Amino acid sequence: MALTEFGIWASRRALGAEGTEAARLVEELGFGTLWVGGSPRLGELRPLLEATTTLTVATSIANVWRYPATEMAADWAELEADFPGRALAGIGAGHAEQDEAYSRPFSAVRAYLDVLEEAGQPPPGRRMLAALAPRMIDLAASRAAGSIPYFVPVGHTRFSRERLGDGPLLAPELACVLDEDSAHARAKARDYARLYLGLGNYRNAVLRGGFEEADLADGGSDRLLDAVVPQGSPRQVAELAHAHLEAGADHVALQPVGGDGLPRAEWTALAAELIA
């Protein structure tokens, strides 16, 4: 599975009834992949694929506690038959704070992959894992196309590349606030980050990326926010996106936050800065 350098990440809630229009815009702007967040099932990608011609559409992530592997395999067979080569299955274990069934996530994901492999679909080259911790990163390298970390600094991207080695794909998500009023932009970034800094998996990932416990308090230190949720002009955001590429990422999935509705203007501005 080949990925262009830049894609767009958007939650299924944000896409809503405007998903097909959004998918067409993402494709027209030149982004190679649309990552759909909020624990979607593969079938939810169908209208986005129908609305476009070349765009890769991916789950980010299909949650192993909420979407049985047998159902994913069956859904994949139908989607692949109709849109060969255009879907990508991002798979993950969610968070103990949000999923009642959460227990032994590494073992759960490994067992999930066992079922997919027995079914023969989706094949390893068309699935990626939400991998933040070392053992999950190793699993992404050995039994998937690679890793799709979320809410991570460049230091974690560097850590992931070293752990993955050469070959496996690395496609971090990068939230951003396109607002050149620094006080307003940082407030938006802090409001966005507060939820994620309350989840243990993300806290640990940020620490692996070079930060300290003090950086995690009160919605995140300014230093942390600038590293995980860059703010400012499209050019300033692009600088951090390129820093992830330089640290070993193959692809960066950009997610403008802090506004209302679909961020069409933000996507357009980022495309103008990032895509030749």
**Request:** Search the stretch 38-65 for residues being crowded, with 20+ Cβ neighbours inside 10 Å and in contact (Cβ under 8 Å) with a residue 40 or more places away in the chain, and hand back the single one that is farthest from Gly94 (Cα to Cα).
**Result:** Thr56
**Message:** Exactly one condition in (1) over 21 Å from the mean Cα position of the chain (by Cα); (2) among the small types (Gly, Ala, Ser); (3) farther than 29 Å from Thr52 by Cβ is false for Ala81; which is it?
**Reply:** (3)
**Asked** What tally of residues in the stretch 259-272 results from selecting those that are out of contact with any Leu (no Cβ under 7 Å at 6 or more places or on another chain) and either among the basic types (Lys, Arg) or surrounded by 22 or more Cβ atoms within 10 Å (Cβ to Cβ) (or both)?
**Response** 1
**Asked** Consider Glu239 against the criteria (1) assigned to a helix (DSSP H, G or I); (2) of a type outside the set (Ser, Thr, Tyr); (3) within 18 Å of the chain's Cα centre (by Cα); (4) farther than 10 Å from Leu178 by Cβ: it satisfies all of them except one. Which criterion is unmet?
**Response** (3)
**Request:** Within the stretch 1-44, track down each residue that is among the charged types (D, E, K, R), part of a helix (DSSP H, G or I) and farther than 25 Å from Ala69 by Cβ.
**Result:** Glu18, Glu21, Arg24, Glu27, Glu28
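Can you tell which of Ala131, Ala171 is touching a residue at least 60 places away in the same chain (Cβ under 8 Å), within 30 Å of Pro84 (Cβ to Cβ), crowded, with 24+ Cβ neighbours inside 10 Å and among the aliphatic types (A, V, I, L, M)?
So the residue among Ala131, Ala171 that is touching a residue at least 60 places away in the same chain (Cβ under 8 Å), within 30 Å of Pro84 (Cβ to Cβ), crowded, with 24+ Cβ neighbours inside 10 Å and among the aliphatic types (A, V, I, L, M) is Ala171.
Coordinate-derived values only; no laboratory data. Keep in mind that what you see is a predicted model, and the values were worked out from it rather than measured. Ideal geometry is used to build each Cβ from the backbone, glycine not excepted, and the neighbour counts take in all protein chains shown.
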